[in-house]
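Student: There's a structure below that I have some questions on.
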Amino acid sequence: MRNALQDVFNFDLESSIPDLSNKVILVTGANAGIGKATIIEIAKHNPKRLYASARSRIKFNVAFNDVNDIAPNANIEFLEMDLSSLRSVNAAANKILAENDRLDIIINNAGIMAVPHKTTIDGYEIQFATNHMGHALLVSRLLGLLQKTAALPDSDVRIVNVSSAGHFMAPGKGIVFDKLRTSMKGTHEYAIYGQSKLANVLHAKELARRYPNITSVSIHPGRVGTSLLDHYEGPMAVFQKVYDWMVTPFTPEQGALNQIWAAFGKKSDIKSGSYYTPVGKITRGDCRALDGKIAAELWNWQETEFDRLGYSSQGVEKL
Ligand SMILES: NC(=O)c1ccc[n+]([C@@H]2O[C@H](COP(=O)([O-])OP(=O)(O)OC[C@H]3O[C@@H](n4cnc5c(N)ncnc54)[C@H](OP(=O)(O)O)[C@@H]3O)[C@@H](O)[C@H]2O)c1
C-alpha cells in the first residue's frame, strides 16, 4: 500500500524492495535518523541477515526495543562499530567475515556534520575519519567477501555511500590531503563536512571503476529532519534554521527512500559510479566529484594509510 511519503516522490516502496530472504545486508549508523528508518523498512522484507551498526549495545537496544511492533519477527543484529576508530571498524569487519559466507549490500550511512575541530584516535580530522575513512576501511576489509558474493549466480552486490549535496561546500582543492592528519582548524566546519561528503562520492566512483562486478553509487537523501545538526551553534546555525523553515525537511522515512532505491531498485535502472538525488535522479554533482585524478589520489592515500596502520586486506585482490 502506498503512503503519503511515497507520493512525494512518486516512488513505490513495496514493489521496489524484492524478496530479501537470501541477502545479507549491513547498514551503518543504524540507531538513529535516516539509518534507523532504512533498517526498519528493510526488516519488513525478511532479509536473511540484517546487521545494524551502532557505537554501543545500549544505543542499539534503545533504538530497536519496539521494532517488533513495526516489523514483526524482524531479525536485526547488532554490530558494534565506531566509525571514527579504524581498530573498531577492523574488529566489526572481522566479525562479519567470521559469520558470513556472503555479503550482498552495504549502506554506508553513518555520519556527523560540522562538529568542533578535532582529530581522532588515529590522528585524522574527525569528519573525514568518521564519514569517509571508517567506511573506506570497512569496504576494503569486506571486498573479498563482496567479490565472492558477486561471483555467485543471480547475485546483485551493491555499495551505497550516503553522501550529501553538502559535497559542493568542499574546500577549493576538494580533498586537502596535506591537512587530513590535522584538525583543520581554520577551515570552516561546513567545508570540512563537504570534503568528507565529496570523499563519499569519489569513493563510490573509484569502487565502480575498479570493481565492475559490484554496483557502487553515492546518494544525497535530501534535507532531512534528524539530530545531525542539533549540536551546531556556529554562525551558520541561523541560516540553517531559516533554510529549514523555507524548505520543510523530509521525515527520516522520506530521507531513507533514496538509499533504499539505490540498494534495492531494479539493477537496470542504476548506473554504477553515479551520484543520485531523491529519488533515483542521476545528478552530475560538483565538478571535483567528476575528477578521476582526485578519486585515484584519494584511493591511493587511504590504502597507504591502511597499510601504514596494519589494516591492509590480505588475500583481497587490490586493483
Ligand atoms: N539529515 C540531513 O539533512 C542529511 C542531508 C544530507 C546527507 N545526510 C547524511 O545522512 C547520513 C545519516 O545522517 P542523519 O541525518 O540520519 O543523522 P543522525 O540522525 O545524526 O544519525 C547519524 C548516525 O550516524 C551515527 N554515527 C555518528 N558518528 C558515528 C561514529 N563515530 N561511529 C558510528 N556511528 C556514528 C550516529 O550514531 P550515534 O547515535 O552514536 O551518534 C547515528 O546512528 C549521514 O551520513 C549524513 O551526512 C543527512
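Student: Can you name the residue in the stretch 185-218 that is in contact with a Lys or Arg (Cβ under 8 Å, 6 or more places away or on another chain), outside any loop (DSSP other than H, G, I, E, B) and among the polar types (S, T, N, Q) and, of all such residues, is nearest to residue 268 (Cα to Cα)?
Tutor: Filtering the stretch 185-218 for residues that are in contact with a Lys or Arg (Cβ under 8 Å, 6 or more places away or on another chain), outside any loop (DSSP other than H, G, I, E, B) and among the polar types (S, T, N, Q), the one nearest to residue 268 (Cα to Cα) comes out as 215.
Student: Could you tell me whether residue 221 is outside any helix (DSSP H, G or I), of a type outside the set (A, V, I, L, M, F, W, C) and closer than 14 Å to residue 9 by Cα? Please lay out each step first, then the result.
Tutor: Values: outside any helix (DSSP H, G or I): yes; of a type outside the set (A, V, I, L, M, F, W, C): yes; closer than 14 Å to residue 9 by Cα: yes.
Criteria met by residue 221.
Student: Here is a further query. What are the residues in the stretch 140-159 that are of a type in the set (S, T, N, Q) and either assigned to a helix (DSSP H, G or I) or under 19 Å from the mean Cα position of the chain (by Cα) (or both), if any?
Tutor: First pass over the stretch 140-159, keeping only residues of a type in the set (S, T, N, Q): 140, 147, 149, 155.
140, 147, 149 - these are the residues of the stretch 140-159 that are of a type in the set (S, T, N, Q) and either assigned to a helix (DSSP H, G or I) or under 19 Å from the mean Cα position of the chain (by Cα) (or both).
Student: Does the stretch 177-184 contain any residue that is open to solvent by 10 Å² or more (accessible area, probe 1.4 Å), in a loop (DSSP other than H, G, I, E, B), of a type in the set (Phe, Trp, Tyr) and farther than 19 Å from residue 276 by Cβ?
Tutor: Looking only at the stretch 177-184, we keep the residues that are open to solvent by 10 Å² or more (accessible area, probe 1.4 Å), and these are 177-179, 181-183.
Pick out the ones that are also in a loop (DSSP other than H, G, I, E, B) and you get 181-183.
Now restrict to residues that are of a type in the set (Phe, Trp, Tyr): none.
No.
Student: Further, regarding this structure: Tell me, yes or no, whether the stretch 41-55 has at least one residue that is open to solvent by 10 Å² or more (accessible area, probe 1.4 Å), near the ligand (Cβ under 9 Å from one of its atoms) and closer than 24 Å to residue 230 by Cβ.
Tutor: There is at least one residue in the stretch 41-55 that is open to solvent by 10 Å² or more (accessible area, probe 1.4 Å), near the ligand (Cβ under 9 Å from one of its atoms) and closer than 24 Å to residue 230 by Cβ.
Student: Considering 244, 269, 230, which residue is away from the ligand (no atom under 15 Å from the Cβ), acidic (Asp, Glu) and open to solvent by 20 Å² or more (accessible area, probe 1.4 Å)? Don't jump to the end; show me each part of the working.
Tutor: Numbers: 244 fails: away from the ligand (no atom under 15 Å from the Cβ); 230 fails: away from the ligand (no atom under 15 Å from the Cβ).
Result of the check over 244, 269, 230: 269.
Student: Within the stretch 111-127, can one find any residue that is within 22 Å of residue 77 (Cα to Cα) and part of a loop (DSSP other than H, G, I, E, B)?
Tutor: Let us first name the residues in the stretch 111-127 that are within 22 Å of residue 77 (Cα to Cα), namely 111.
The next check asks that each one be part of a loop (DSSP other than H, G, I, E, B); those that pass are 111.
Yes; the residues of the stretch 111-127 include at least one that is within 22 Å of residue 77 (Cα to Cα) and part of a loop (DSSP other than H, G, I, E, B).
Student: Still on this structure, I have one more. If you go through the stretch 211-227 one residue at a time, how many are within 24 Å of residue 176 (Cβ to Cβ) and surrounded by fewer than 16 Cβ atoms within 10 Å (Cβ to Cβ)?
Tutor: 0
Student: Give the residue, chosen from 80, 99, that is of a type in the set (D, E, K, R), surrounded by fewer than 16 Cβ atoms within 10 Å (Cβ to Cβ) and within 11 Å of the ligand (Cβ to nearest atom). Give the derivation first.
Tutor: On the way: 99 fails: within 11 Å of the ligand (Cβ to nearest atom).
Exactly one residue qualifies, and that residue is 80.
Student: Continuing with this model, one more query. Given the criteria touching a residue at least 24 places away in the same chain (Cβ under 8 Å), open to solvent by 20 Å² or more (accessible area, probe 1.4 Å) and under 14 Å from the mean Cα position of the chain (by Cα), does residue 164 qualify?
Tutor: no
Student: Has the stretch 128-143 got any residue that is open to solvent by 10 Å² or more (accessible area, probe 1.4 Å), touching a strand residue (DSSP E or B) at 6+ places or on another chain (Cβ under 7 Å) and at pLDDT 95 or above?
Tutor: no
Student: To continue, here is another question. Kindly indicate the residue of the stretch 112-126 that is within 11 Å of the ligand (Cβ to nearest atom) and closer than 11 Å to residue 84 by Cβ and also most open to solvent (accessible area, probe 1.4 Å) among those meeting that condition. Let's see the steps before the verdict.
Tutor: The initial filter retains those residues of the stretch 112-126 that are within 11 Å of the ligand (Cβ to nearest atom), namely 112-115, 120-121, 126.
Next, only the ones that are closer than 11 Å to residue 84 by Cβ stay: 112, 115, 120-121, 126.
Details: 112: 31, 115: 28, 120: 16, 121: 147, 126: 25 Å².
Applying the filter and picking the extreme gives 121.
The values are calculated or read from the model by the stated rules, or taken from the named source; none is laboratory data. On a predicted model such as this, the values are computed, not experimentally measured, just so you know. Positions of Cβ are backbone-derived with ideal geometry, glycine not excepted, and every protein chain shown enters the neighbour counts. These accessible areas exclude ligands, DNA and RNA; they are computed on the full protein's heavy atoms, side chains included. Shrake-Rupley method; radii C 1.70, N 1.55, O 1.52, S 1.80 Å.
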